[in-house]
1. In debye to the nearest 20, how big a dipole does the chain give about its Cα centre with +1 on each Lys and Arg Cβ and -1 on each Asp and Glu Cβ?
2. Can you sort 340, 291 by 1.4 Å-probe accessible area, starting with the largest?
3. Assigning unit charges at the beta carbon (Lys, Arg +1; Asp, Glu -1) and nothing else, what dipole magnitude in debye, to the nearest 20, does segment 48-127 show about its Cα centre?
4. Given labels modelled 7 Å from the Cα in the Cβ direction, how far is it in nm from residue 69 to residue 20?
5. Placing +1 on the Cβ of each Lys and Arg and -1 on the Cβ of each Asp and Glu in the chain, which of 43, 217, 373 has its Cα farthest towards the positive end of the resulting dipole?
6. Round to the nearest 0.05 the FRET efficiency obtained for residue 262 and residue 191 when R0 = 30 Å and r is the Cβ-Cβ distance.
7. Taking only protein heavy atoms into account and a 1.4 Å probe, give the accessible area per residue of segment 1-40 in Å².
8. Taking a ≥ b ≥ c as the square roots of the Cα gyration tensor eigenvalues, with a/c under 1.5 meaning rounded and otherwise prolate when a/b beats b/c, else oblate, which class fits segment 5-64?
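The values are calculated or read from the model by the stated rules, or taken from the named source; none is laboratory data. Since we're looking at a predicted model, the values are computed, not measured. Here the Cβ is made from the backbone with ideal geometry for all residues, glycine too, and neighbour counts use every protein chain on show. With ligands, DNA and RNA removed, areas are computed over all heavy atoms of the protein, side chains included. Shrake-Rupley method; radii C 1.70, N 1.55, O 1.52, S 1.80 Å.
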Amino acid sequence: MCCSLAAVLGVLVHVEVTRQTVATARDKALGRLHDASRAYEAGEVLPPDSGLDPAGLPPELRDLAVSGRRGTVVADYEGRAVMWAAAPADGRALAAAVDYSQSARTISGLDNAIIGSSALALGGTLLVGAFAVTRVTRRLHQTATVARRISNGDLDARVDDPRTKDPRRRQDEVSTVAGALDTMAGTLQDKLLREQRFTADVAHELRTPLTGLQAASELLPEGRPTELVRERVRTMRQLTEDLLEISRLDSRSEVVETDLHQLERLVRRVVRGAAGVGVTEVVVRRDVHVETDRRRLERVLGNLVVNAHKHGRGPVVVTVDGPVVTVRDHGDGYPDYLLERGPQRFRSGGKGHGLGLTIAVGQAEAIGARLEFRGAEGGGAEAVLTLPLP
């Protein structure tokens, strides 16, 4: 806006000064032409810088005067600017000239001054604007970076804008947003920590009575009721262990122990361990060695295979293609909510408690792998695990 205003003012000043300068020179030239006309009519000698059809008179002005009209024009004559005025005189052109070079230099000097001042104003405005905008954008960029860190799970991230900590400093819009983001992150962190502690405490408290219940179920006489009790106890124990594992994943307290492993061997061992839930086919297109935590990787693949058998239909195929492992079934596919928002705890379409895929996602993140869920071509569900290469 400042630059636009300076440009408009410069144009207005240029137009007005040029108009006044030209008007003054025209009046002077017309006055000299009037004196020459009086001298011509009286038969006297014409004043200096005037004459009939003088050399240097522009042709268009000569034609105008011969046609019976009077006019003025600025033109170059002998290397200098001249204001010409001409009028008809017995079929010829009576003309007078006034030096216009000083006026032309004045206008040129004014234009240079306007351009120089506009350039200085533009440069100063850009410098001040760039400094001010950079300060704001840098703070906004920092706030956006912290927001992305929080969305990625780093709940300790804070903007810590100094304006939000000192009440004597003026609060602007950026500091208000930064303060609101820090407050939201702190509240969210406290809430999640309380939920994690609650989950861990409940799971720990359940382990002792469940252990006693399992020991007591072993003393019951054999029979169908006893088998049902033992199965429910095993399910409860597994649920308790899953809750403890999720609590540890949420708190990010576990240490990842990596080593170099052959991927095909790990996959086949997982499939053998899950043989009790169904037959799983293994297809190896390209085997590689991966540097990972074997226990966590087996946990991820085991949960994916078990989930495919429990919630899908056979055949279940595990494909190894370099660092990418794909687990596919031929059932109805994943539900829409899972494809849109990922696995959700205690929600699995009415079958199971929904913690298996949640644990798989958490363990995959812990070893730096990427786990994606999608629909397979031709029907069915497909989980794709991409491992980092050493």
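1. Using only the charged Cβ atoms, the result is roughly 1140 debye.
2. These residues rank, largest area first, as 340, 291.
3. Taking the Cα centre of segment 48-127 as origin, the dipole is about 160 debye.
4. In this crude spin-label approximation the distance works out to 3.0 nm.
5. 217
6. So, using R0 = 30 Å, E works out to roughly 0.10.
7. Result: 67 Å² of accessible area for each residue.
8. Prolate is the answer for segment 5-64, as a/c is 1.5 or above and a/b outweighs b/c.
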